[in-house]
Amino acid sequence: MDACFTAFDKDCDGYLNVAEFDAICRALFRNDRGKVYGMPENQLQEVFSIFDLNKDNLISREEFIYCWNNWIKTIVRPVSAFLVIDVQNDFISGSLSISQCSAQQNGLEVIEPINYLLETVNFDAVFYSLDWHPSDHVSFIDNLPFRKVHPSSAVSAEEAQTYDTVTFDGPHLMKQRLWPRHCVQDSWGAELHKDLKVVENSTKIYKGTNPEVDSYSVFWDNKKLTQTTLVSQLAQKNATDIYVCGLAYDVCVGATAVDALSIGYRTILIDDCCRGVDLADIEKTKNTVIKNHGVIINSNEVKAMVEGRDRRPELGYKLALELKRKQEEQEEKDLQKNEDNEDEKTNGKDNGEEVVMNDEETNE
């Protein structure tokens, strides 16, 4: 850390200015073939300000310690988790085969590149998610007669067809896309495809088990009522980077990637390891991931990124924003604590005055 600071402190004044910090970023964000990834000027300025803790337009050696431990070390040595989403029989050749959907993509095509990654990349953790629905699940179109559709629904119960979205009645109105019966618990359709490699020490995450709520993301159900065990398991492993792939691109894969980004993870979507339902929705998914500072890559780029040899500025910027959010949360807590302390002092002073007054009254 000291050697790095000294090497980039070109004017030897004991501080890093923006230009010197830019030089660090140019050394940091590159791949193992020497390609330098530039960080946009506005992002560079924002990242610099995050580590300029006292806002004097310089990063001191003490401030650089924070930058080094919380930013640079993570970028160079990420902890990577691989999420393989719903590579199940029903989505490949069963009742909800995505080849029958509008995009007409073949779910079987994701297995070879996913297996290659599992064989060649040393991920810190591997998770397989499975849709695991009870037979009376709310998403099944053949269960529609057993639930009340609200009058405000864009599609009535009588007119609803597979892939339509209806609004169910209840204490809280709930929009639900209707799917064919699929991935019923303990059925062949719910099993992972036989050709998918399942590695040792991996973990299976079961979702969609509540009959009344659908669950696209591997983190939470669609209503954010219940989280899966994935949240705590990633925290236990101190994961920093989440690689997401599987089926279907624009449904469960996309929802998982967006949730990973919202939690604060550096999130990487592996394009050639995904297949989806609708081409327009696939593009929307990609745009959402990029807008939220995720990265979309192909499987041949994964190994170098996991090993810290290919370091992307988008992920560095995402991490810096997460550090900024934590700083702001801490500042808010400190402010609230100070206000509480002031209130306690004021209340104590008031109580003291009351005691003095009572004493005076007694003397009188």
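The values are calculated or read from the model by the stated rules, or taken from the named source; none is laboratory data. For clarity, every value in this text was computed on a predicted model and none was experimentally measured. Because the Cβ atoms are built from the backbone with ideal geometry, glycine has one as well, and the counts that use them run over all protein chains shown. Protein only, heavy atoms only, side chains kept; ligands, DNA and RNA dropped before computing areas. Shrake-Rupley method; radii C 1.70, N 1.55, O 1.52, S 1.80 Å.
Numbers below:
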quantity	calculated
Residue under evaluation Asn115, criteria (1) open to solvent by 20 Å² or more (accessible area, probe 1.4 Å); (2) at pLDDT 95 or above; (3) out of contact with any helix residue (DSSP H, G or I) (no Cβ under 7 Å at 6 or more places or on another chain); (4) outside any helix (DSSP H, G or I), criterion not met	(4)
Extreme residue, least open to solvent (accessible area, probe 1.4 Å), among residues of segment 229-239 that are more than 20 Å from Leu118 (Cβ to Cβ) and of a type outside the set (A, V, I, L, M)	Ser232
Any chance Asp281 is in contact (Cβ under 8 Å) with a residue 24 or more places away in the chain and open to solvent by less than 10 Å² (accessible area, probe 1.4 Å)	no
Of all residues in segment 153-210 being part of a strand (DSSP E or B) and among the hydroxyl-bearing types (Ser, Thr, Tyr), the one that is farthest from Gln100 (Cα to Cα)	Thr203
Wholly within segment 229-291, helices (runs of 4 or more DSSP H) carrying at least 2 residues that are more than 10 Å from the chain's Cα centre (by Cα)	230-236, 279-291
Which numbered condition Lys324 fails, given (1) open to solvent by less than 50 Å² (accessible area, probe 1.4 Å); (2) outside the structural domain of Val251 (by the TED database)	(1)
Per-region count, segment 172-219, residues farther than 20 Å from Ser135 by Cα, in contact with a strand residue (DSSP E or B) (Cβ under 8 Å, 6 or more places away or on another chain) and open to solvent by 50 Å² or more (accessible area, probe 1.4 Å)	4
Of the criteria (1) touching a Gly at 6+ places or on another chain (Cβ under 8 Å); (2) closer than 26 Å to Lys291 by Cβ; (3) open to solvent by 20 Å² or more (accessible area, probe 1.4 Å), which one Glu41 fails	(1)
Unique residue being open to solvent by less than 10 Å² (accessible area, probe 1.4 Å), aromatic (Phe, Trp, Tyr) and touching a strand residue (DSSP E or B) at 6+ places or on another chain (Cβ under 6 Å) when the list is Phe91, Phe127	Phe127
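One line per residue, one yes/no per condition, for (1) open to solvent by less than 10 Å² (accessible area, probe 1.4 Å); (2) among the basic types (Lys, Arg):
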{"residue": "Asn70", "(1), (2)": "no, no"}
{"residue": "Lys73", "(1), (2)": "no, yes"}
{"residue": "Pro78", "(1), (2)": "no, no"}
{"residue": "Ile85", "(1), (2)": "yes, no"}
{"residue": "Ile98", "(1), (2)": "yes, no"}
